[in-house]
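Please see the structure below; I have some questions.
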Amino acid sequence: MKIKVGYLVSYDYEMFLTSVKQLYDYVDTIFLAIDKNYLTWSGNSFEIEEGFFEEIKRFDVKNKIEFYFDDFYVPGLSPIQCDTRERNMLLKKMGDGWLIQLDVDEYMYDFKKIRKFLKQHWYLTIFPKFTPVIFRGIWITLFKKLPEGYLYIENNERFPFITNCKKYDGPRTNYSISNHIINAKAIHQSWARSEEEIFFKIKNWGHKDDFDTQKYFELWRDLDINNYRNYKDIHPMKPDLWNELHFMPASSIDDFIEHYAEKNKQVLKGISFFQLVKAFLIRIIKK
């Protein structure tokens, strides 16, 4: 049984090292999927400096990292369709075992506990066709970097990231198989970026057509240490999902990760045999 991690790398590639440092020692192989024409899912060009590849080479002392270049942008497909397509291509490339897909701005701290959890559930990877599962974690979403620290959201927002199956119906998810919440927390540097990075992101990510990105950008830009408590229900598509903002002093992203991890230990929720049998029987009945 192998534990493999796949990353989708694009315009925000500089965040990759912060993420991979959290798990490098606890996984077997790491794949970096990059569009060979350096195009986003919206068909816009991005650049990756050559120094990035040199830095990866220096970092990868155990030769775990493998680059995967392919055509991930398809004219005529929506950004979210390109997203799902690329993730499925990456799943196929990753092969068998526990397959974890992360974005470069997701930081799974204290990953050794996640490794232990997956090792305990090794039997689910023997015949994954009969025991397909997706494990979901919880995002701690960083919303804005201020001179004094970070604004963040802590509201049990769930996201899928581990599976033993070979096909997604949507981004990192499959609606026909069993999903389990294991409470693993990931610090998600989603919106805590510079104005230039945020503006580029909202014009190119999978959700760019789902809301008024310009209006939301202006809301984000106006936030500061004095007014953030006045902002409620600010998720761009499901407002009450982000009901309030919290603040933590931090000088850098590494500083935030360290302090947040100290106060919020990873406590994973186990999966009972009864749950697995029930999910299997439901799957058989539906077929």
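For every residue, the table says whether it meets (1) over 30 Å from F127 (Cα atoms); (2) of a type outside the set (K, R); (3) in a helix (DSSP H, G or I).
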| residue | (1), (2), (3) |
| --- | --- |
| A33 | no, yes, no |
| R58 | yes, no, yes |
| L77 | yes, yes, no |
| K93 | no, no, yes |
| D96 | no, yes, no |
| I100 | no, yes, no |
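Quick one: would you say K112 is part of a loop (DSSP other than H, G, I, E, B) and farther than 30 Å from R221 by Cβ?
no
Another question about this same structure. Among the listed residues T84, T40, identify the single one that is surrounded by 12 or more Cβ atoms within 10 Å (Cβ to Cβ), under 20 Å from Y168 (Cβ atoms) and modelled with pLDDT of 95 or more.
Among T84, T40, only T84 is surrounded by 12 or more Cβ atoms within 10 Å (Cβ to Cβ), under 20 Å from Y168 (Cβ atoms) and modelled with pLDDT of 95 or more.
Taking W122 as meeting all but one of (1) closer than 23 Å to I187 by Cβ; (2) surrounded by fewer than 18 Cβ atoms within 10 Å (Cβ to Cβ), write down the number of the exception.
Result: W122 fails condition (1) only.
Counting just the residues of the range 125-134 that are of a type in the set (A, V, I, L, M, F, W, C) and more than 16 Å from the chain's Cα centre (by Cα), which one comes out surrounded by the most Cβ atoms within 10 Å (Cβ to Cβ)?
Step by step, filter the range 125-134, then rank; the result is V133.
So F53 passes all but one of these: (1) in contact with an Asp or Glu (Cβ under 8 Å, 6 or more places away or on another chain); (2) at pLDDT 95 or above; (3) not polar (S, T, N, Q). Which condition number does it fail?
It fails just one condition, (1).
Six or more apart or on different chains, Cβ under 8 Å: which pairs go from a residue in the range 120-149 that's more than 14 Å from K269 (Cβ to Cβ) to one that's outside any strand (DSSP E or B) and acidic (D, E)? Could you list them?
Qualifying pairs under 8 Å: T125/D96; P128/D96; L146/D224.
Does the range 135-172 hold any residues that are crowded, with 18+ Cβ neighbours inside 10 Å and polar (S, T, N, Q), and which are they?
Scanning the range 135-172 gives T141, T163, N164.
Report every pair of residues separated by at least 6 positions or lying on different chains whose Cβ atoms are under 6 Å apart, first residue within the range 57-81 and more than 19 Å from K203 (Cβ to Cβ), second part of a strand (DSSP E or B) and not aromatic (F, W, Y).
That search, which allows pairs on different chains as well, returns K64/T29; K64/I30; I65/I30; F67/L32; Y68/A33; F69/I34.
Given the criteria surrounded by fewer than 14 Cβ atoms within 10 Å (Cβ to Cβ) and either under 17 Å from G6 (Cβ atoms) or touching a strand residue (DSSP E or B) at 6+ places or on another chain (Cβ under 7 Å) (or both), does S19 qualify?
no
The values are calculated or read from the model by the stated rules, or taken from the named source; none is laboratory data. Every value quoted in this text rests on a predicted model; they were computed, and no experiment measured them. As a convention, Cβ positions derive from the backbone with ideal geometry for all residues, glycine included, and neighbour counts pool all protein chains shown.
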